[in-house]
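A.B. asks: Dropping a structure here in structure tokens format, bear with me for questions.
The values are calculated or read from the model by the stated rules, or taken from the named source; none is laboratory data. Remember, predicted model here, so these are calculated numbers, not experimental data. Note that we place each Cβ from the backbone using ideal geometry, even for glycine, and neighbour counts take in every protein chain shown.
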């Protein structure tokens, strides 16, 4: 550039060119300085925007958990309150059939969880809503100390209520799933507590949701609880407590959806050979159950359950016939399909409509074969059942309850000799 200035014929023009070059160089250096000074501020602004957006996404939390008593049994219907320690605002809920509760959309901060249930001490726990983890809270209720004063009088004619029976036995869903029973029969263990004399020659009375049934053939996952000897001498029932089994089915959940699948398998690989058989007969039993429940709307819920049972058993025949000794293993297959559906609608807070449908398809082949009964005497049995129940319950006043039950049942069955 300097050589250009010297070669120029006009010194004034060369001086102007040098001035413009210097000003352009000065403006470029100032722009680079401004960019370098602005770059840290830009990085700080972008980082703040990212952190603010992340904090905005985490501005709410949830509290969930289960409520149990001192024996690790779930507590249903417990009153649960969540109080904000800053604002004093309270949210209320109750534990469902599985003993669970949940609060969602909570502002971050300190809360107090208060659980109350008749017969238990009030439990209060501090809860911090702010952690990223949504770990469930396990609330253990302690039995409240009860002080009762009893006054005895010679002229006291008080008669205890039929429902106040200390010998009543209750089996809930957890008990029935863990108790050993053949073919996962829910009545196998409760039947042990019945009195044969009270049951009579017709066998025990089985009540399913208040309606008398000949047998309990619903999936195990659809049963809520089973009662034996509840209200033993109540005028509501035709049998005493030791001759009656009361079964209550589960309701759907109004909050979220739940489901489970169960599969049981038994094989004769480790079984011993029948002493009267020449070879060990193959035997296999399979049980598959599935259940799904949840809300249909804010006032309606459903529960669907199914069970499929197949049994590939065998009977051993060991008999002397005119042609000689007959020793034979005869297959005795059986299949049983059960479907159960329950739909419940809360028409009003005191008016409920329930629809229940039950389906059964059962078949058994080669029945009646045993030690001295030859295979020619076998019979095949089949039964199909469809049952519809409609329950309408209205609480008209604190002392008046109207309970309407309608049942329709179609049960054709057939026994055929081979």
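A.B. asks: Select, from 411, 387, 328, the only residue that is touching a residue at least 12 places away in the same chain (Cβ under 8 Å), buried (at least 17 other Cβ atoms within 10 Å of the Cβ) and either touching a helix residue (DSSP H, G or I) at 6+ places or on another chain (Cβ under 8 Å) or closer than 25 Å to residue 184 by Cβ (or both).
C.D. replies: 387
A.B. asks: Show me the strands (runs of 3 or more DSSP E) found entirely inside the range 318-418 where at least 2 residues are touching a strand residue (DSSP E or B) at 6+ places or on another chain (Cβ under 6 Å) and within 24 Å of residue 280 (Cβ to Cβ).
C.D. replies: In the range 318-418, 324-348, 351-367 are the strands (runs of 3 or more DSSP E) which contain 2 or more residues that are touching a strand residue (DSSP E or B) at 6+ places or on another chain (Cβ under 6 Å) and within 24 Å of residue 280 (Cβ to Cβ).
A.B. asks: Which of the residues that make up the range 59-70 are within 24 Å of residue 251 (Cβ to Cβ) and outside any strand (DSSP E or B)?
C.D. replies: Matches in the range 59-70: 69 only.
A.B. asks: What about residue 356, is it within 21 Å of the chain's Cα centre (by Cα) and buried (at least 16 other Cβ atoms within 10 Å of the Cβ)?
C.D. replies: Yes.
A.B. asks: Then there's this: Kindly indicate whether residue 255 is in a helix (DSSP H, G or I) and touching a residue at least 40 places away in the same chain (Cβ under 8 Å).
C.D. replies: It is false that residue 255 is in a helix (DSSP H, G or I) and touching a residue at least 40 places away in the same chain (Cβ under 8 Å).
A.B. asks: Checking residue 382 against (1) more than 18 Å from residue 410 (Cα to Cα); (2) surrounded by 14 or more Cβ atoms within 10 Å (Cβ to Cβ), which test does it fail?
C.D. replies: Failed condition: (1).
A.B. asks: Additional query: Got a sec? Which of 371, 397, 363 is in the same structural domain as residue 292 (by TED's automatic domain parsing) and either modelled with pLDDT of 95 or more or surrounded by 14 or more Cβ atoms within 10 Å (Cβ to Cβ) (or both)?
C.D. replies: Just a single option satisfies the conditions, and that option is 363.
A.B. asks: Answer yes or no as to whether residue 104 is within 19 Å of the chain's Cα centre (by Cα) and at pLDDT below 90.
C.D. replies: no
A.B. asks: So residue 264 ticks every box in (1) exposed (fewer than 13 other Cβ atoms within 10 Å of the Cβ); (2) in contact (Cβ under 8 Å) with a residue 40 or more places away in the chain; (3) not assigned by TED's automatic domain parsing to the domain that holds residue 339 but one. Which box is left unticked?
C.D. replies: (3)
A.B. asks: Does residue 307 satisfy being surrounded by 14 or more Cβ atoms within 10 Å (Cβ to Cβ) and part of a strand (DSSP E or B)?
C.D. replies: Spelling it out, residue 307 is indeed surrounded by 14 or more Cβ atoms within 10 Å (Cβ to Cβ) and part of a strand (DSSP E or B).
A.B. asks: Hey, could you check the range 71-91 for residues that are part of a loop (DSSP other than H, G, I, E, B) and in contact with a strand residue (DSSP E or B) (Cβ under 6 Å, 6 or more places away or on another chain) and say which is surrounded by the fewest Cβ atoms within 10 Å (Cβ to Cβ)?
C.D. replies: Across the range 71-91, the extreme among qualifying residues is 86.
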